[in-house]
Structure formats: C-alpha cells, structure tokens
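Read the structure below first, then the notes.
The values are calculated or read from the model by the stated rules, or taken from the named source; none is laboratory data. None of the values given here were measured: they were computed from a predicted structure. Cβ atoms come from the backbone with ideal geometry, glycine included; neighbour counts cover every protein chain shown. Ligands, DNA and RNA are excluded from the accessible area calculation, which covers all protein heavy atoms including side chains. Shrake-Rupley method; radii C 1.70, N 1.55, O 1.52, S 1.80 Å.
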Amino acid sequence: MLCLRFLSNKSHHRDIINMTTNIGVLASGRGSNLQAILDAVEAGEIPDAEIAVVVSDKENAFSLQRARKKKIDAVHINPVDYESRQEYDQAVVDLLKGKKVELVCMAGYMRIISPIFVKAFPNRVMNIHPALLPSFPGLNAQKQALEYAVKVTGCTVHFADEQVDHGPIIIQTAVPVLEDDDVDSLSRRILKQEHRIYPEAIKLFCEGRLEVDGRRVNVIK
Ligand code: GRF
C-alpha cells in the first residue's frame with residue numbers, strides 16, 4: 001500500500017514545523033479551475049499550501065495572466081522548442097522540481113503527460129475531468145454525455161497515471177442532465193462543481209489525508 005500520509009507527512013509535522021505544500025499548476029486555457037484553487041489558497045481554505053508556479057504550453061493562456069495578477073510565477077514552456085513529448089515533459093518536471101513542487105495539479109491542461117511525468121511525481125499529479133470517470137474520458141466529455149443521453153454526469157478529481165483520464169479517483173460529484181441542456185448549460189453546471197471539488201481534493205492532499213491503495217483512494221478521517 002502506498003500511503004501518502006506518510007510520504008507527504010504534513011499532518012504529523014504541522015504542529016512542530018510549519019510545512020507548506022508547494023503546488024504547481026499546469027493549465028492551457030482560461031484557467032477557471034486555477035482561479036478556484038488560487039482563491040481557496042488565498043482564503044486559507046487550503047491551509048499550509050502555496051502555488052509555487054503556473055506552467056502553460058500556450059503563451060497566451062489566460063491562466064498565465066491570472067497567476068501573474070496574483071504575483072505567482074507564470075511560465076510558458078513552448079512545445080515547439082522540444083523534439084519529443086518526453087523532452088518537453090522533462091523540461092516541465094525540471095522546472096517544477098526546481099520550485100520544490102510536491103503536488104502538480106492539471107487544470108485544463110491540454111497535453112497528454114508521458115510516463116516521465118508520472119514517475120517523477122508518483123500519485124502527486126492530480127487532474128480534473130468534466131465527467132464521472134470511467135465514463136466519457138478524453139475531449140468534449142460534456143458533449144459525449146449529451147450524445148449518449150445519460151441522465152446524470154458530473155466531474156472527477158483523480159490522480160494521473162500513465163493512461164488518459166484513468167488514475168485513482170479522489171472525489172466525484174454528480175450533476176443531473178436536464179432535458180433542455182446543451183453543451184454550454186451543462187458545462188456551466190459541471191464547472192461550478194469542479195470549482196468546489198478541486199480545492200477540496202487539494203486540501204485533503206495537503207492535510208496528508210489521502211492514502212492510495214491500488215485504484216482506491218482512502219480519505220483518512
Ligand atoms: C474543465 O472543464 C476541466 O475539467 C477540463 O478542462 C476544463 C478547463 O477549464 N479538464 P478551466 O481552464 O479550468 O476554466
């Protein structure tokens with residue numbers, strides 16, 4: 001059993017030394033999940049956490065602006081400058097390690113990470129997906145849900161493993177699909193829940209309360 005409580009070991013040390021969890025966020029787009037995380041850290045809802053850096057593969061990502069507005073290091077790493085996905089990921093990993101990042105949060109990061117990444121941060125890379133995995137992995141999850149005509153969909157925060165939208169599930173929330181929903185209206189309602197459960201999952205990690213046992217993530221009370 002891999003037990004993050006003892007690996008990250010925050011809760012044991014908290015009273016003795018004030019240990020902060022350094023978080024790195026990877027984001028390619030508008031960054032509303034990043035914003036929810038930034039706000040939660042600022043409001044003290046995720047105690048002992050700091051956003052050390054935000055990295056984007058897109059130079060003009062609004063997420064970089066959101067980070068700079070909060071005086072957080074915002075770095076564009078251009079995939080064009082690297083010959084392979086592995087090389088690119090190694091550069092991102094090196095940057096994150098240089099910033100002493102312990103938890104990596106993918107928030108609308110539109111690249112598939114290579115095994116290099118997962119090995120560098122085992123059970124320390126989180127992702128958010130706008131569906132109830134294992135349903136509707138990959139792109140356009142909300143559209144997939146509407147086309148399949150499910151009555152309920154939702155969102156999932158999970159640890160990343162070597163397959164896309166696949167690793168151990170931390171938190172899921174259901175969102176009903178309404179008869180007159182289109183992609184926009186459904187996405188909006190799912191996003192509202194994303195903004196709630198992503199900070200919640202990060203908080204549990206920072207408190208050392210996530211214990212990974214194979215596919216299962218136990219939340220220590
Ligand atoms: C979210 O729906 C997230 O679940 C998915 O990409 C979208 C990113 O939105 N992975 P934002 O950039 O956080 O606003």
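Are any residues in the stretch 87-113 over 17 Å from Ser28 (Cα atoms) and either part of a helix (DSSP H, G or I) or of a type outside the set (Asp, Glu) (or both), and if so, which ones? Lay out the reasoning, then the answer.
First, the residues of the stretch 87-113 that are over 17 Å from Ser28 (Cα atoms): 87, 90, 94, 97-103.
Once the filter is applied, which keeps residues that are over 17 Å from Ser28 (Cα atoms) and either part of a helix (DSSP H, G or I) or of a type outside the set (Asp, Glu) (or both), the stretch 87-113 yields Glu87, Gln90, Asp94, Lys97, Gly98, Lys99, Lys100, Val101, Leu103.
Listed residues Gly138, Gly167; which is modelled with pLDDT of 95 or more, within 16 Å of the ligand (Cβ to nearest atom) and at positive phi? Before the answer, list the steps.
Details: Gly167 fails: at positive phi.
Of Gly138, Gly167, the one residue that is modelled with pLDDT of 95 or more, within 16 Å of the ligand (Cβ to nearest atom) and at positive phi is Gly138.
Would you check if there is a residue in the stretch 174-195 being in a strand (DSSP E or B) and open to solvent by less than 60 Å² (accessible area, probe 1.4 Å)?
yes
Taking the options Asp184, Asp165, name whichever one is in contact with a strand residue (DSSP E or B) (Cβ under 7 Å, 6 or more places away or on another chain) and closer than 22 Å to Met110 by Cα.
Asp165
Using the structure shown, decide if Glu147 is among the charged types (D, E, K, R), closer than 24 Å to Pro115 by Cβ, open to solvent by 40 Å² or more (accessible area, probe 1.4 Å) and outside any strand (DSSP E or B).
No; evaluated as a whole, the condition is false for this residue.
May I ask you to list pairs of residues, at least six apart or on different chains, whose Cβ atoms are under 6 Å apart, with the first in the stretch 96-121 being without any contact (Cβ under 8 Å) to a residue 60 or more places away in the chain and the second being within 13 Å of the ligand (Cβ to nearest atom) and open to solvent by 60 Å² or more (accessible area, probe 1.4 Å)?
Ile112/Val164
Does Ile116 count as assigned to a helix (DSSP H, G or I) and either more than 12 Å from the ligand (Cβ to nearest atom) or over 13 Å from the mean Cα position of the chain (by Cα) (or both)?
So Ile116 passes the test.
Of all residues being closer than 29 Å to Arg209 by Cβ and part of a helix (DSSP H, G or I) in the stretch 47-75, which is most open to solvent (accessible area, probe 1.4 Å)? Just the residue, please.
Applying the filter and picking the extreme gives Arg66.
Filter the stretch 176-221 down to residues that are among the β-branched types (Val, Ile, Thr) and more than 12 Å from the ligand (Cβ to nearest atom) and give me whichever is farthest from Val157 (Cα to Cα). Full working, then the answer.
If we filter the stretch 176-221 for residues that are among the β-branched types (Val, Ile, Thr), which is where we start, we get 177, 183, 190, 197, 202, 212, 217, 219-220.
From what is left, the residues that are more than 12 Å from the ligand (Cβ to nearest atom) are 177, 202, 212, 217, 219-220.
Values: Val177: 19, Ile202: 9, Val212: 14, Val217: 11, Val219: 13, Ile220: 17 Å.
My answer is Val177.
Residue-by-condition table, conditions (1) buried (at least 16 other Cβ atoms within 10 Å of the Cβ); (2) at pLDDT below 95; (3) under 30 Å from Val150 (Cβ atoms); (4) acidic (Asp, Glu):
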{"site": "Leu38", "(1), (2), (3), (4)": "yes, no, no, no"}
{"site": "Glu87", "(1), (2), (3), (4)": "no, no, no, yes"}
{"site": "Leu95", "(1), (2), (3), (4)": "yes, no, no, no"}
{"site": "Gly98", "(1), (2), (3), (4)": "no, no, no, no"}
{"site": "Asn123", "(1), (2), (3), (4)": "yes, no, yes, no"}
